[in-house]
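All remarks here apply to the structure that follows.
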Amino acid sequence: KPTPAPVSPIPGPTPVPTPLPTPLPSAKPTPAPVSPVADPTAPPAPSPTPSPLAKPTPAPVSPVPDPTAPPTPSPTPSPTAKPTPAPTPLPTKAPTPPPTPSPTPLPTLPPTNPGGLQLETNSVVVDRGDATATINVIRKNGFDGPVSVAYTTVADTATADDDYIQQSGTLLFGDGEAIKSIIITLIPNDQVTQEFKITIDNNQGAELLAPRTATVVIVGSDADMVDMEQPAPPVDPDSVDAVDLITGIAAPTNLAWLPDRTMLIGTKGGIVYVASGNTIAQTPFIDISDIVNNRNDRGLLSIACHPDFINKPYVYLLFTYEGTDNLQELQELVGTFAGPDAQGARAGRLVRVTANQATGYRTHVPGSEVILLGKNSIREYFNPFVDLTVDFAEPQGGFVDGEYVQDFINSDSLSHTVGGLEFHPDGSLLVSLGDGASYNRVDPRAWRVMDENSLAGKVLRIDAMTGKGLPSNPYYSQTNDPDANSAKVWQMGIRNSFRITADQDSGLLYLGEVGWTTWEEVNRGGSGANFGWPYYEGSGVLGAYANTPLGQEWKATGAVVTPPILELNHQETGINAIVLGDKLSSTYYGAKFKDALFFNDLGQGTLRFIKFDGAGNVNEVDLFATGAERVVSIQEGPDGLLYYCNVSKNTVGRWERK
């Protein structure tokens, strides 16, 4: 992160954004067949003299003659006769050169807004005497058109057909419908308090928001009735305003800044835009949307500029890859799980591109793309026709003949894909990768997180120029091969830490770990840290994984787990999915917030901060702002302010003092 320049007062009200040009659709269209265009200036071809016996052939624009009528004799043409006038051609000019290709315009936002689907709460508490448990699925942010989502119950300490009736199905929302209910039949008995899960997935026509998994607690005779109400979201402290600077860009996900403070905006669909103030440049920095899988939580999730940009003008792009650059093949697969932006298995990739000095670094140099990670993230090593989010019978991607494929990044699931990019103070590049497994069910593929030979569920530390592992990494000596997966692994035990930030003083890495059913975590660690997933959630053992044979085998190794520095309980705080922000280096918001670490709740939109004592221990957690629903990136800009990307509202902005 660049060292912030001295902060000047923010000038008056934010100027009205320059109107954006009418964009083209952002979908990956199939080109229509091109017909040859006739030259209107060419002289008409001479017609043969018609025979009085021949049936005249109708011209496309003439009435069709009656085939039963006797033929009309054709008069002998006279050199002075006035011919029947042909359609008057348009006036001609000198040949016009072909038009210069227009720059890629901003993508068109959908004319309708289907919104998103989520569970109304992440926990429901019922009594053993209750006949049913009800949980609602709600539709937010838009209600246009029909949408659907699948649901199922998943056993935990409560078991199907003993404590409740197993149930699964699909909820269909009609145009304008906002809520549907799942009603689960309970089986009365005198057992102790137990719980099971309800999950939603396989969304069609709408976003899948959070929460996606809810815990149903059946309170038995061993416990008093638990408070069924989750806490209300905290009240806005009314100290800052969220000011939108850029609007109308589809699904912005991450930001980076050039040395002159020009902002690069990465979007989920794969286009990186260039912005100065409130103005978007017509020509994007780069457009890789054809090879980015933009489905559910997948997409271009992180971008970064090299910290020594003047000497190394490189921009880094971390995205979910379609697994092929063959665009014709993709188009032929439209309508299948293997088609563009479809839900079959995919893989991840990290690419470095060179910024073009001739354009002020506002575009990339064509052909400068270098694959740093994911060279083998290709369809040869995974099945794109199967949705591995729910199909556990299909083999995992990147695993051949009992071994993990080198330089392959799993994105088997529709979530837990690629994550964040952060430069370490020593100049190396840190890359967080999700476990690539199911986000709401026990998934046997999650065990690879604890294997250093797989890149899934890891933080990698690589050479920013070559993508190779570094000799000081904890598992490098296993092979002494910088291209081996294990040589690149720096930390492990990660579920979905899709946002990370490095402490530029200590070199320690902070991670926002999106939890499963109970806990959200803020983790911190250095080389070799193991954060425990899938055998731990929060600081507690997760029995669904830990009690399996592989879990017991792992436990016997005596592996040391680094506990969270902060864990937040879903039921107690109402939090749904954590989004980690930067550790602020400026005093723009006051001295109190210098060195504070920020994080957001993706569902509630509550932006909080963490303060540390001199020993690095958490000594304060408090509210900074509200209204940050679907803010997926919180970054300190070169002016010392906190900037945000709202992936659902299609806005980029910053928090300003009131």
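The values are calculated or read from the model by the stated rules, or taken from the named source; none is laboratory data. Nothing here was measured: the structure is a model prediction, and the numbers come from that model. Note that we place each Cβ from the backbone using ideal geometry, even for glycine, and neighbour counts take in every protein chain shown. Keep in mind that these areas ignore ligands, DNA and RNA; they rest on the heavy atoms of the full protein, side chains included. Shrake-Rupley method; radii C 1.70, N 1.55, O 1.52, S 1.80 Å.
Here are the numbers for the structure shown:
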{"quantity": "Condition broken by ASN523, with the remaining ones in (1) under 28 Å from THR573 (Cβ atoms); (2) open to solvent by 20 Å² or more (accessible area, probe 1.4 Å); (3) not in a loop (DSSP other than H, G, I, E, B) satisfied", "calculated": "(2)"}
{"quantity": "Residue in the range 497-505 that is of a type in the set (S, T, N, Q), touching a Pro at 6+ places or on another chain (Cβ under 9 Å), buried (at least 18 other Cβ atoms within 10 Å of the Cβ) and in a strand (DSSP E or B) present", "calculated": "no"}
{"quantity": "Check on ASN617, open to solvent by 10 Å² or more (accessible area, probe 1.4 Å), polar (S, T, N, Q) and at pLDDT 95 or above", "calculated": "yes"}
{"quantity": "Among (1) open to solvent by less than 60 Å² (accessible area, probe 1.4 Å); (2) at pLDDT below 90; (3) not polar (S, T, N, Q), the one test that VAL240 misses", "calculated": "(2)"}
{"quantity": "The range 304-317 residues that are touching a residue at least 60 places away in the same chain (Cβ under 8 Å), paired with ones that are among the aromatic types (Phe, Trp, Tyr) (beta carbon under 6 Å, 6 or more apart)", "calculated": "ALA304/TYR316; HIS306/TYR314; PRO307/PHE423"}
{"quantity": "Top-ranked residue of the range 258-315 - restricted to ones that are open to solvent by 30 Å² or more (accessible area, probe 1.4 Å), of a type in the set (Val, Ile, Thr) and under 25 Å from MET465 (Cα atoms), ranked as farthest from the chain's Cα centre (by Cα)", "calculated": "ILE310"}
{"quantity": "Condition broken by VAL541, with the remaining ones in (1) more than 17 Å from ARG495 (Cα to Cα); (2) among the aliphatic types (A, V, I, L, M); (3) open to solvent by 60 Å² or more (accessible area, probe 1.4 Å) satisfied", "calculated": "(1)"}
{"quantity": "Residue in the range 443-457 that is part of a loop (DSSP other than H, G, I, E, B) and modelled with pLDDT under 95 present", "calculated": "yes"}
{"quantity": "Leading residue by the ranking (least open to solvent (accessible area, probe 1.4 Å)) among those in the range 338-375 that are touching a residue at least 60 places away in the same chain (Cβ under 8 Å) and among the basic types (Lys, Arg)", "calculated": "ARG346"}
{"quantity": "Residues of the range 552-575 satisfying the condition of being farther than 25 Å from ALA210 by Cα and either touching a residue at least 60 places away in the same chain (Cβ under 8 Å) or of a type in the set (Ser, Thr, Tyr) (or both)", "calculated": "TRP554, THR557, ALA559, VAL561, THR562"}
{"quantity": "Count of residues meeting criterion [of a type in the set (A, V, I, L, M, F, W, C) and crowded, with 16+ Cβ neighbours inside 10 Å] in the range 151-171", "calculated": "4"}
{"quantity": "Residue in the range 635-653 that is outside any loop (DSSP other than H, G, I, E, B) and among the basic types (Lys, Arg) present", "calculated": "no"}
{"quantity": "Filter result (over 21 Å from ASN254 (Cα atoms) and buried (at least 21 other Cβ atoms within 10 Å of the Cβ)) within the range 316-337", "calculated": "GLY323, LEU330"}
{"quantity": "Test result for VAL386, in a loop (DSSP other than H, G, I, E, B), open to solvent by less than 50 Å² (accessible area, probe 1.4 Å) and modelled with pLDDT of 95 or more", "calculated": "yes"}
{"quantity": "Candidate set: the range 184-205, residues that are open to solvent by 60 Å² or more (accessible area, probe 1.4 Å) and without any contact (Cβ under 8 Å) to a residue 60 or more places away in the chain; chosen: the one nearest to ALA155 (Cα to Cα)", "calculated": "THR185"}
{"quantity": "Whichever residue in the range 620-640 is open to solvent by less than 10 Å² (accessible area, probe 1.4 Å) and within 21 Å of the chain's Cα centre (by Cα) and, among such residues, is farthest from ASP503 (Cα to Cα)", "calculated": "ALA628"}
{"quantity": "Among the candidates LYS458, LYS488, residue that is of a type in the set (Lys, Arg), open to solvent by less than 10 Å² (accessible area, probe 1.4 Å) and under 24 Å from ILE565 (Cβ atoms)", "calculated": "LYS458"}
{"quantity": "Subset tally (residues that are aliphatic (A, V, I, L, M), over 24 Å from SER527 (Cα atoms) and either at pLDDT 95 or above or touching an Asp or Glu at 6+ places or on another chain (Cβ under 7 Å) (or both)) for the range 392-436", "calculated": "2"}
{"quantity": "Residues within the range 202-220 that are outside any strand (DSSP E or B) and over 29 Å from the mean Cα position of the chain (by Cα), tallied", "calculated": "1"}
{"quantity": "Boolean, VAL647 is closer than 30 Å to TYR439 by Cα, open to solvent by 10 Å² or more (accessible area, probe 1.4 Å) and not small (Gly, Ala, Ser)", "calculated": "yes"}
{"quantity": "Positions within the range 406-440 being hydroxyl-bearing (Ser, Thr, Tyr) and not in a strand (DSSP E or B), in sequence order", "calculated": "SER413, SER415, THR417, SER428, SER438, TYR439"}
{"quantity": "Residue in the range 391-405 that is touching a residue at least 12 places away in the same chain (Cβ under 8 Å), in contact with a Gly (Cβ under 9 Å, 6 or more places away or on another chain), open to solvent by 30 Å² or more (accessible area, probe 1.4 Å) and assigned to a loop (DSSP other than H, G, I, E, B) present", "calculated": "yes"}
{"quantity": "For ASP483: the one exception among (1) outside any loop (DSSP other than H, G, I, E, B); (2) acidic (Asp, Glu); (3) open to solvent by 30 Å² or more (accessible area, probe 1.4 Å)", "calculated": "(1)"}
{"quantity": "The range 86-129: number of residues that are open to solvent by 60 Å² or more (accessible area, probe 1.4 Å) and modelled with pLDDT of 90 or more", "calculated": "1"}
